[in-house]
Amino acid sequence: MDALGKVLKKIEPTQGESAEIRKFAEALIKLLKDYAGKREVLLAGSIAKGTYLREKADIDIFVLFSEKIPKMEMKTELEKIMMGAFPGTRYQLNYAEHPYIRFRISGRKVDLVPAYRMEIGGERLTAVDRSVLHTKYILRNLKKKQRREVLLLKQLLRANGLYGAEIKVEGFSGYLCELLIIRYGSFRRLMKEAAKRRPPLVIDLKKHYGPKELRGLPEKFGVGFVVIDPTDRNRNVAAALSGENLKKFFSLCRKFNKKPSENLFFRKPETFEGKAKALKGYYVYVVEIPKPNVVDDVLWGQLKKLTKQLGHALQEYKPSDIFAEANRNVRIAVPLKLDKTTAIAECPGPPANMKRHADKFRKMHRKAAILKRKGKLVAVEKRKPLAAEDAIKDFLKKYSKTGSHLAYPVSRIKIRRF
């Protein structure tokens, strides 16, 4: 048995698991239909498509609403259906673009999602309206034997931190994995072709665009990797994938082609502590913030914005990549080459020949020595060195006045050297 065969033996759902999950999902749908009126209730996602990994089967059930109902009323109607079908079951009402319900029953996680019924090419009213169309497209176009190829791709990406289109990961969605297998036919061929590729790369399975139009799609979508949604010519399925993660994927493909190892599929994710310890030659500070009770996409959207702003505020300390985790608390690792600022500060100014701006710059820096370098003014002045920890605190004090869910008083934030 080759490496891929051994991997499949570990990740493919057993016949018993497949039968059990299908039966369970059908029972849930039957209960929901009793309270959904004339609305269609159906199974979507990886279970419906048969592309879920062993013991990783979350259930996605969609309730399709008429366009006549306002989006704001979906919440009330969905909760009525939920409480009628599963009285006494605790659930969490989450918000993305619109509300959806998440609950656990018999040890399984279930998402109950409202959406408007739509046809291919029709107008989308909410972000998830296409999901049902995606399921139908995959069922029609992904061959039964190719489901195993999708499992291999998903497992490889998951083991290497590249699976998931959510803001936290900025990786490959399940739907993108399925489309890539449809395009290339098999996991091995995808690995072989991707190892040779470089952006820009465009995939248009339904041939929505002609040859000339295809060349302009990277510019149109503003990214180097475009996978046109077969159900919507104006959507790039790979939009959530970051440029950095695309590079990592190409590198991973080259590693696989060089040595198809089972180990590539079962790497342990690098821990926060492990990443911090690997930073040699840096002063590493850890900022610990209480974790707000918001959905992950909101949390990670704000967290990535915070780390970007923090890195910009600490430019003088020469930061490396700032990274974070959000488990019980939010932890941010801040690696810095310098532990304090220098005693001399330099402030770049305008070109010396721009008299009005140059005069204004000199007035702003009266106590500084003004030098001219390459035709531009530079203000050089002495100052008291500022410790990195104090600079981090100063930033967090200013940040506490923003409207972010992560904007806590500094008294509730812990800062320590790793």
**Message:** What's the number of the only condition in (1) modelled with pLDDT of 95 or more; (2) under 19 Å from I11 (Cβ atoms) that K144 fails to meet?
**Reply:** (1)
**Request:** Could you pull out the residue among M82, M74 that is under 30 Å from the mean Cα position of the chain (by Cα), assigned to a helix (DSSP H, G or I) and more than 25 Å from Y175 (Cβ to Cβ)?
**Result:** M82
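Any residue that is among the hydroxyl-bearing types (S, T, Y), out of contact with any strand residue (DSSP E or B) (no Cβ under 6 Å at 6 or more places or on another chain), in the same structural domain as I289 (by TED's automatic domain parsing) and closer than 17 Å to L306 by Cβ - is there at least one of those in region 409-418? Reasoning before the result, please.
Step one: list which residues in region 409-418 are among the hydroxyl-bearing types (S, T, Y), which gives 411.
Pick out the ones that are also out of contact with any strand residue (DSSP E or B) (no Cβ under 6 Å at 6 or more places or on another chain) and you get 411.
Among the residues that remain, those that are also in the same structural domain as I289 (by TED's automatic domain parsing) are: 411.
Those left that are additionally closer than 17 Å to L306 by Cβ: none.
No, region 409-418 has no match at all.
Quickly run through region 295-328 and pick out the residues that are assigned to a strand (DSSP E or B) and under 19 Å from the mean Cα position of the chain (by Cα). Before you say what the answer is, go through the steps one by one.
We begin by selecting, within region 295-328, every residue assigned to a strand (DSSP E or B); these are 319, 323-326.
Within region 295-328, F323, A324, E325, A326 qualify.
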**Request:** Please tell me if K382 is under 28 Å from the mean Cα position of the chain (by Cα) and either more than 30 Å from P292 (Cα to Cα) or surrounded by fewer than 15 Cβ atoms within 10 Å (Cβ to Cβ) (or both).
**Result:** no
**Asked** Within region 368-416, how many residues turn out to be at pLDDT 95 or above, farther than 26 Å from D297 by Cα and either in contact with a Phe, Trp or Tyr (Cβ under 8 Å, 6 or more places away or on another chain) or assigned to a loop (DSSP other than H, G, I, E, B) (or both)?
**Response** 4
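Could you say whether any residue in region 287-294 is among the hydrophobic types (A, V, I, L, M, F, W, C), over 27 Å from L153 (Cβ atoms) and either in a strand (DSSP E or B) or more than 16 Å from the chain's Cα centre (by Cα) (or both)?
Step one: of region 287-294, the residues among the hydrophobic types (A, V, I, L, M, F, W, C) are 287, 289, 294.
Subset that is over 27 Å from L153 (Cβ atoms): 287, 289, 294.
Checking which are either in a strand (DSSP E or B) or more than 16 Å from the chain's Cα centre (by Cα) (or both) leaves us with 287, 289.
Scanning region 287-294, I find at least one residue that is among the hydrophobic types (A, V, I, L, M, F, W, C), over 27 Å from L153 (Cβ atoms) and either in a strand (DSSP E or B) or more than 16 Å from the chain's Cα centre (by Cα) (or both), so the answer is yes.
The values are calculated or read from the model by the stated rules, or taken from the named source; none is laboratory data. Predicted model, so just to flag it, every value in this text is computed and none were measured. Neighbour counts run over all protein chains shown; Cβ positions are idealised from the backbone, glycine included.
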